[in-house]
Amino acid sequence: VKASYQPARAMAAVASHFTQFSLSALSERKQRQLTVKPLDQMLFRGSAILGPADAKTLYYSIPFISNLPSTSLVYSTRMHARNIKALQASCLNIMSPSMLIIRSGEYIFGGYATDQWKFDGSRGGNPKSFLFSVTLDCKISYHQRQKDSQSGVLGGSSGRKHDAMWSGPDFLSFGIKDLCLRGDFRMCSSEIEHSYSVGVDMGSLEAKSFLAGSNIFVADEIEVWSVQS
């Protein structure tokens, strides 16, 4: 165990200060508002990472108003090769939004991508993209708190000016450095408060440990789901 590793119980104490971003509270509120209920098979059915209750909570965090989206598993480390190239091959044909779900030790977390992953170095997405921690019951919204020399430039003629999503031939990233997958998923990284924020101090141990307990982590399991309305 790395010296900088923060166990989930320690990070839960940090997350307790941000209950206004509770995933479960968001889910319960949306369930009360909707008159139509989704079928069980729409709720990340077959996930090896999420249990039924967590799958339902995450489903209701998807930004939709009335048209119930369906979810379909397109990549899993249990079914496909365990590397970024295999993930890319599975994701290139997803034209809809997608949900990335990761388990690293005792932590379960991930992100919702509003646009197609292109893996060509371009950035995009929009403010409806978000990161989440199932373990800490927290939705981490896109705020573009920090920018770098490429922010708002790589969108080109498409007009995209967000850093919500960023992917290249050898990586997939939510934000500038908030959550990044590389290689064989043994040297992934996370540090929130760059493009996605809950309000902890930038560069702090809490920002580096919020999602996975450590800035550098091994992704034990990964799933990517298409989300189609």
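Of note:
- For the range 65-110, filtering for residues that are more than 13 Å from the chain's Cα centre (by Cα) and part of a loop (DSSP other than H, G, I, E, B) leaves 19.
- Selection from the range 61-89 of residues that are small (Gly, Ala, Ser) and either more than 24 Å from PRO127 (Cα to Cα) or surrounded by 14 or more Cβ atoms within 10 Å (Cβ to Cβ) (or both): SER61, SER70, SER72, SER76, ALA81, ALA86, ALA89
- Filter result for GLY121 (open to solvent by less than 10 Å² (accessible area, probe 1.4 Å) and either out of contact with any His (no Cβ under 9 Å at 6 or more places or on another chain) or assigned to a loop (DSSP other than H, G, I, E, B) (or both)): no
- Matching residues in the range 182-219 - criterion: being in contact (Cβ under 8 Å) with a residue 40 or more places away in the chain, of a type in the set (D, E, K, R) and either open to solvent by less than 10 Å² (accessible area, probe 1.4 Å) or assigned to a loop (DSSP other than H, G, I, E, B) (or both): ASP184, GLU193
- Filter pass, ILE84 being touching a Cys at 6+ places or on another chain (Cβ under 9 Å) and in contact (Cβ under 8 Å) with a residue 60 or more places away in the chain: no
- Any hit, the range 141-164, residues being at pLDDT below 95, closer than 22 Å to GLY46 by Cβ and crowded, with 20+ Cβ neighbours inside 10 Å: no
- Applying the criterion of being within 19 Å of PHE109 (Cβ to Cβ) and among the polar types (S, T, N, Q) to the residues of the range 19-53, the residue that is most open to solvent (accessible area, probe 1.4 Å) is GLN20.
- Candidate set from the range 3-18 (those that are part of a helix (DSSP H, G or I) and of a type in the set (A, V, I, L, M, F, W, C)); member that is surrounded by the most Cβ atoms within 10 Å (Cβ to Cβ): MET11
The values are calculated or read from the model by the stated rules, or taken from the named source; none is laboratory data. On a predicted model such as this, the values are computed, not experimentally measured, just so you know. Glycine gets a Cβ as well: all are built from the backbone with ideal geometry, and neighbour counts include every protein chain shown. These accessible areas exclude ligands, DNA and RNA; they are computed on the full protein's heavy atoms, side chains included. Shrake-Rupley method; radii C 1.70, N 1.55, O 1.52, S 1.80 Å.
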